[in-house]
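Worksheet: one structure, shown below.
The values are calculated or read from the model by the stated rules, or taken from the named source; none is laboratory data. These figures come from a predicted structure and were not determined experimentally. For accessibility, only protein heavy atoms count, side chains too; no ligands or nucleic acids. Shrake-Rupley method; radii C 1.70, N 1.55, O 1.52, S 1.80 Å.
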Amino acid sequence: CQEIISNNKYKNRYNNNNDAFIHIRGINSEMRRTGCKTKIPDFPSIEYYEKIIEKHLYSTDIIYISSDDTNNNIINSLMSKYNNLKKINLSEIDTILFGSTCKHVILSCGSYSFIIGIFSFFSNIYFNKDAGKGWHPKFYTQFINKDNTIEIDCQ
């Protein structure tokens, strides 16, 4: 962990901010990656993100939000509802490096978001209880019952 931390160009942010980072899984990129012809429904839903923002992130300074799909409906809806959201558009590597330094890290589903969570050494990590059921069930069970993780039930 120490080697990863010391080589992170945003390392000064570790344990030194009151920010949140939301990763939204890009639906368009998933369609391109899999060759799927029909749009995959948004998962997790917007209610998942709203529940976390309203219950857990009310005192954060800035909520950074990122996706490889910048026209994502969830991002646009959240940005119009909450005034402390800031959309960031970084490279894939910088997204992981920056996101993992925020005090609160909200994951979507999938392996990319999971990696952000793994490198979030000093963060509160929020993840959807059902995130692993369809894609990566063994990944997300690594977070369950850890002191810095919050499992969100969106039912």
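Odds and ends about this structure:
- Per-residue SASA entry for residue 80, accessible area with 1.4 Å probe, Å² rounded to 10: 100
- Applied to region 50-67, the Karplus parametrisation 6.51 cos²θ - 1.76 cosθ + 1.60 on θ = phi - 60° returns per-residue 3J(HN,Hα) values of 4, 4, 5, 4, 6, 8, 10, 10, 5, 10, 6, 6, 10, 10, 7, 10, 9, 7 Hz, with x for Gly and Pro.
- When the surface is traced with a 1.4 Å probe over the full set of protein chains, residue 56 keeps roughly 50 Å² accessible.
- For residue 150, residues with placed amide H under 5 Å, excluding near neighbours: 125, 126, 127
- Table column - 3J(HN,Hα) (Hz), region 70-76, Karplus curve with 6.51, -1.76, 1.60, x for Gly and Pro: 5, 9, 4, 4, 5, 4, 4
- Rounded to whole Hz, the Karplus (6.51, -1.76, 1.60) HN-Hα couplings of region 109-124, x for glycine and proline: 10, x, 6, 5, 5, 4, 4, 4, x, 4, 8, 8, 4, 10, 9, 7
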